[in-house]
Amino acid sequence: MSQAARYLSSILAVLIATLVRLWLDPLFGERSPYITYIIATIAMAWYAGPGPATTTMVLGFLSAFYFFASPRGSFQVSGADAQVATLWYVATGVLAITVTELTRSAERRANAVALQLQEKQALLEREVRERWEAQAECTSLLRRIVSIQEDERRRISRDLHDQCGQDLTAMRLELKLLTESLQAGGDVQGRLETLRRLIGQVMDEIHHLAVRLRPSVLDDLGLTTAVENYLGSWREMTGLPVDFECRGWDGRRVPEEIETALYRVLQEALTNVARHAATDAVNVLLTRDADHIDLIVEDRGRGFSAQAAPSVAPARLGLRGMKERMEAVGGRLEIESTEGQGTTVFARISLKV
């Protein structure tokens, strides 16, 4: 209700109180001239506020004095009873207006406090929910880290068993045969040559294993040199040609975690190429500008269908681990593959914090 409407309602309340008092005049006469006006004042104090209620009280006072108090038709107060009634009316009206306004003010404060409590409760619930989500994410991440560690241990164990283990077994057999040859005076030179070759193979396998775990060149010379060295080793192991192009690198290093993430993504992508792509060539592009670093690994192999990717490819090709590595350093990874036409791995990391 607008301010003007509230004051108009106070005038209307005085008119109604006057009409009701006229209707009750045969019952009260000149006694209790303020009875209907005090009720109107209390009602206006509750519904319209202190200003309209005060207006009602003043207009009611004048109306009661003029129409119903003795002597009627004047504004003179005569007699102790009239004076007491006037004081009672004014005191009751002021008290009603004050109490009503205090009640309304307390109600407003209570509503404001309740609203603040609701907002704080909603904020607390949101914080609790975010904490639970963060805790669940941390738990999932820890499980993933443990799973990655176990996968890496299994891979190292398999590599040691399949590569170094077989060569060491052959070396032990050659040592036994060499001992027998020494005792029998047989061909020692041939046995020694075989041992030398086996030792060289074991050293190469241990070197390749160490490079896969953490290449020292990545720490010493940076990402581009480490990529070139790894591509050379991978080319020798697989026999596949690799076309490597590097753009925008001026010798400046990037943070270690970014270099490591891109290097691991390259390793995983090339491992997938060697195991699954059945391609005859691989293209690797490493670019850098002021804002981003991009790594693209492309093959022309068998590829896989987009429908199979959600259920088959992540578990088989390690795509989830590659994406998690990129997300951990604020990057993203996309895979484009068409069955029979090859696969492209696109990794991008922002250099802006």
Which listed residue is of a type in the set (A, V, I, L, M, F, W, C), at pLDDT below 75 and either part of a helix (DSSP H, G or I) or touching a strand residue (DSSP E or B) at 6+ places or on another chain (Cβ under 8 Å) (or both), from ILE145, ILE206, ILE199: ILE145
Test: residue in the stretch 262-270 that is touching a helix residue (DSSP H, G or I) at 6+ places or on another chain (Cβ under 8 Å), more than 25 Å from GLU152 (Cα to Cα) and among the aromatic types (Phe, Trp, Tyr): no
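Check the stretch 177-188 and report whether any residue there is loosely packed, with under 14 Cβ neighbours inside 10 Å and modelled with pLDDT of 80 or more.
Within the stretch 177-188, the first condition is being loosely packed, with under 14 Cβ neighbours inside 10 Å, and the residues that meet it are 179-180, 182-188.
Applying the additional criterion that residues be modelled with pLDDT of 80 or more yields 179.
Looking for residues that are loosely packed, with under 14 Cβ neighbours inside 10 Å and modelled with pLDDT of 80 or more, one finds at least one in the stretch 177-188, hence yes.
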Of all residues in the stretch 1-28 being hydrophobic (A, V, I, L, M, F, W, C) and under 54 Å from the mean Cα position of the chain (by Cα), the one that is farthest from PRO52 (Cα to Cα): MET1
Hits in the stretch 220-250 (condition: free of Cβ contacts under 8 Å to residues at least 24 places away in the same chain and either in contact with a Cys (Cβ under 6 Å, 6 or more places away or on another chain) or of a type outside the set (A, V, I, L, M) (or both)): ASP220, THR225, GLU228, ASN229, GLY232, ARG235, GLU236, GLY239, ASP250
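In the stretch 6-49, how many are touching a helix residue (DSSP H, G or I) at 6+ places or on another chain (Cβ under 6 Å) and of a type outside the set (D, E, K, R)?
Residues flagged as touching a helix residue (DSSP H, G or I) at 6+ places or on another chain (Cβ under 6 Å) and of a type outside the set (D, E, K, R) within the stretch 6-49 amount to 19.
Yes/no per residue for (1) closer than 30 Å to VAL254 by Cβ; (2) surrounded by 11 or more Cβ atoms within 10 Å (Cβ to Cβ); (3) over 40 Å from the mean Cα position of the chain (by Cα); (4) modelled with pLDDT of 80 or more:
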| position | (1), (2), (3), (4) |
| --- | --- |
| ARG129 | no, no, no, yes |
| GLN149 | yes, no, no, no |
| CYS164 | no, yes, yes, no |
| ALA170 | no, yes, yes, no |
| GLY190 | no, yes, yes, no |
| ARG212 | yes, yes, no, no |
| PRO215 | yes, yes, no, no |
Selection from the stretch 1-27 of residues that are within 16 Å of TYR66 (Cβ to Cβ) and free of Cβ contacts under 8 Å to residues at least 12 places away in the same chain: LEU15, LEU19
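The values are calculated or read from the model by the stated rules, or taken from the named source; none is laboratory data. Keep in mind it's a predicted model, so treat the numbers as computed, not measured. Here Cβ is always computed from backbone atoms with ideal geometry, including for glycine, and neighbour counts include all displayed protein chains.
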